[in-house]
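To start, the structure itself, in structure tokens.
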Amino acid sequence: IGRLVSLALRCNISPDEIITQLKGISCHLPGWANGGKISSCADAIAKALEWYCHGEVNRGNYKDAGQPSMADIMVGACPECGGAVEHEGGCSVCHDCGFTKCQ
């Protein structure tokens, strides 16, 4: 997806057109960041491009612009109860039901 976005930008395709195509695409494991749902990798790229192009990210100063740190990002939805799954110590953990998956 990153290579396609790069190619599209080099071919003078409007970033807003790219955002429109990628935003909202969903997958089976959504994530959450700063209270917002990230539906897929494509959706995350669209939102990052939107933040960058519309002045919400201050060129390199992501933390001050409200960009989530890696610690703020949830891994996805629990396959057992649907609750939020967080990354802790190399494992994915659901604090709602106790589900754990270590890699």
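Read the figures in this text as sums done on the coordinates, not as results from a lab. Just so it is clear, the structure is predicted and the values come from calculations on it, not from any experiment. Ideal geometry is used to build each Cβ from the backbone, glycine not excepted, and the neighbour counts take in all protein chains shown.
Taking amide H as placed 1.01 Å from N in the peptide plane, the amide H of I38 sits under 5 Å from that of G31, W32, A33, each at least 5 places away or on another chain.
Computed from the C-beta positions of Q21 and C41 and an R0 of 22 Å, the FRET efficiency is 0.95 to the nearest 0.05. For the pair Y52 and C97, label points projected 7 Å from Cα toward Cβ lie 3.7 nm apart.
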